[in-house]
Amino acid sequence: MVNQRSPQRRRTRRDLLGALGVACLTGGAGCLGSDAVAEDPTDEQTPDDTGDDTETTSPPGVELGAETFEDVAALEAVGGRLAADTERRVTGTQCAALETDGDGAWLHVPLAEPVDFSNARPACHVAIDGAAAGDFLYLDLVDADGNRFRTRTVVRSRGELVNVDFGILDPQVDETAVDLERITRLSFRPGPRNEAGPETVYLDHPRRIPAPETAKVVFQFDDGNETDLTEAHPYLSQYDYPAITYVNTNRVGDDGKLDEAQLAELRDANWLVGSHTPDHTDLTTVSEPAEVERRLREAKEWLVDRGFDEGARHFAYPYNAVNEQVLSVVEEIHDTGRVSSWQPVALPSNLQLIPAEGDPTPAAFSELLEWTVEYGGVVTVLHHSLSTDAEVAAFREIVDEVRRHDRLGNVDVVRLDELESMVERTLS
């Protein structure tokens, strides 16, 4: 969320801690597809160690929210060591720190009262540090019968706690429907890592994020390719579906790229034109914050000067590359940031880490959309160039599937700024 946009001053992430619970974030995305979420060797599997093999006395349970990790004695760590950390807290006096030397650790959080997640998803402030720190975190929603609804997120913060939303990975881990109206336990598990060694997962302020009454779909495009206008726009426009294209401002008008007149045509057709930096630089390779800021302001000013003010508020991280420094600068210049992570989320409670699925196959997208309809939430789909017959056919099949659900009243297609407003209304 950002400054340097419209006359009204945006709330900073510190302002939002009390409302959205959003701390500084890292772990963004830009071009997905080949630059999508890093491969996890367990993508086709589920962790088979539930952490329930050890017989222990059931803790009394905690409230979900700001006070969840104030009493670590009420929690249960399996396969790891649990401690309180007073340095990285977001709310209260401390956060939880789960220390482990290998895969398979769990942190079970028993809830004092069942929580209704039937049209909602979890979010939490997270950081992972250590010599062998990983990038993934599972969170199981567990009902009274022990049935698990598995969610997952990407964590790229090694220092400051970052608010992340959890998307669906497996709604029936135990091949049994989960009673989402009565979730009695949250179970966190660090994802698998590439090397063995110490790792600490820091957690604070977990909460329930409500999903919109009707599922939402957002269409996005990266790199400002001409096919946004020649292929995507005609097919979307027959249903009045809006979209956003993120452009590299130094490449506007290059061979195969949209020129200024074409961008204006898309803007006038209810598209947003957002920033993807001037030249698609991986901003995590830029050492000085002032240089990151210069590049971001240059691209934004280019857009604003040419009448693309609405879209200039929105940013996509090139190469899915973001760290705390990049995030901090982006936050001061843009109102939203686009990243890659698991979907569907309920609503992106951290507008600087709005997840997207890059260049999905129609089958993969169909499953995402079915989950979004069944469990509620938002799914954002991103495409790059539609330059081959196969890419065009896959894109059209995805749009047709959205249209099918739209006609049934199951989904609404919204523009990115509409989603942004929805988040601010719901979570403020």
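The values are calculated or read from the model by the stated rules, or taken from the named source; none is laboratory data. All values reported here derive from a predicted model rather than from experimental measurement. All Cβ positions, glycine included, derive from the backbone under ideal geometry; neighbour counts span all protein chains shown.
Of all residues in the range 174-232, which are among the hydroxyl-bearing types (Ser, Thr, Tyr) and within 30 Å of residue 249 (Cβ to Cβ)? Please lay out each step first, then the result.
As a first pass, look at the range 174-232 and keep what is among the hydroxyl-bearing types (Ser, Thr, Tyr): 176, 184, 187, 200, 202, 214, 227, 230.
Correct list: 227, 230.
Please verify whether the range 306-316 includes one or more residues that are under 27 Å from residue 162 (Cβ atoms), part of a loop (DSSP other than H, G, I, E, B) and of a type outside the set (D, E, K, R).
Scanning the range 306-316, I find no residue that is under 27 Å from residue 162 (Cβ atoms), part of a loop (DSSP other than H, G, I, E, B) and of a type outside the set (D, E, K, R), so the answer is no.
Name the single residue that is surrounded by the most Cβ atoms within 10 Å (Cβ to Cβ) among those in the range 326-352 being farther than 19 Å from residue 121 by Cα and polar (S, T, N, Q).
Top of the filtered list is 336.
Restricting attention to the range 330-338, does a residue exist that is within 27 Å of residue 428 (Cβ to Cβ), outside the structural domain of residue 152 (by TED's automatic domain parsing) and of a type in the set (S, T, N, Q)?
Initially, the range 330-338 is screened for residues within 27 Å of residue 428 (Cβ to Cβ), giving 330-338.
Retained after the next criterion (residues that are outside the structural domain of residue 152 (by TED's automatic domain parsing)): 330-338.
Next, only the ones that are of a type in the set (S, T, N, Q) stay: 336.
Checked the range 330-338: at least one residue is within 27 Å of residue 428 (Cβ to Cβ), outside the structural domain of residue 152 (by TED's automatic domain parsing) and of a type in the set (S, T, N, Q).
If you scan the range 224-233, which residues turn out to be assigned to a loop (DSSP other than H, G, I, E, B) and surrounded by 22 or more Cβ atoms within 10 Å (Cβ to Cβ)?
First, pick out the residues of the range 224-233 that are assigned to a loop (DSSP other than H, G, I, E, B): 224, 226.
Listed by number, the list holds a single entry, 224.
A quick yes/no check of all residues on (1) touching a helix residue (DSSP H, G or I) at 6+ places or on another chain (Cβ under 6 Å); (2) modelled with pLDDT of 95 or more; (3) part of a loop (DSSP other than H, G, I, E, B); (4) within 17 Å of residue 344 (Cβ to Cβ):
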| site | (1), (2), (3), (4) |
| --- | --- |
| 117 | no, yes, yes, yes |
| 125 | no, yes, no, no |
| 132 | no, no, yes, no |
| 138 | no, yes, no, yes |
| 142 | no, yes, no, no |
| 153 | no, yes, no, yes |
| 172 | no, yes, yes, yes |
| 176 | no, yes, yes, no |
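Among the residues of the range 57-104, which ones are among the charged types (D, E, K, R) and outside any strand (DSSP E or B)?
Residues of the range 57-104 that are among the charged types (D, E, K, R), as a first pass: 63, 67, 70-71, 76, 81, 85, 87-89, 99, 101, 103.
Answer for the range 57-104, where residues must be among the charged types (D, E, K, R) and outside any strand (DSSP E or B): 63, 67, 70, 71, 87, 88, 89, 101, 103.
Yes/no matrix, rows are residues, columns are (1) closer than 18 Å to residue 224 by Cα; (2) in contact with a helix residue (DSSP H, G or I) (Cβ under 9 Å, 6 or more places away or on another chain); (3) at pLDDT 95 or above; (4) in a helix (DSSP H, G or I):
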site: 366; (1), (2), (3), (4): no, yes, yes, yes
site: 370; (1), (2), (3), (4): no, yes, yes, yes
site: 380; (1), (2), (3), (4): yes, yes, yes, no
site: 387; (1), (2), (3), (4): yes, yes, yes, no
site: 392; (1), (2), (3), (4): yes, yes, yes, yes
site: 395; (1), (2), (3), (4): yes, yes, yes, yes
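Here is a yes/no grid of residues against (1) in contact with a strand residue (DSSP E or B) (Cβ under 6 Å, 6 or more places away or on another chain); (2) under 24 Å from residue 366 (Cα atoms); (3) crowded, with 20+ Cβ neighbours inside 10 Å:
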| site | (1), (2), (3) |
| --- | --- |
| 194 | no, no, no |
| 198 | no, no, no |
| 202 | yes, no, yes |
| 214 | yes, yes, no |
| 220 | yes, yes, yes |
| 248 | no, no, yes |
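Can you tell me which residue within the range 243-269, out of those that are in contact with an Asp or Glu (Cβ under 8 Å, 6 or more places away or on another chain) and in a loop (DSSP other than H, G, I, E, B), is nearest to residue 334 (Cα to Cα)?
Going through the qualifying residues, I end up with 248.
Report, ordered by the first and then the second residue, all pairs with beta carbons closer than 6 Å, sequence separation of six or more or different chains, a first member in the range 86-108 that is over 15 Å from residue 63 (Cα atoms), and a second member that is among the β-branched types (Val, Ile, Thr) and surrounded by 23 or more Cβ atoms within 10 Å (Cβ to Cβ).
98/201
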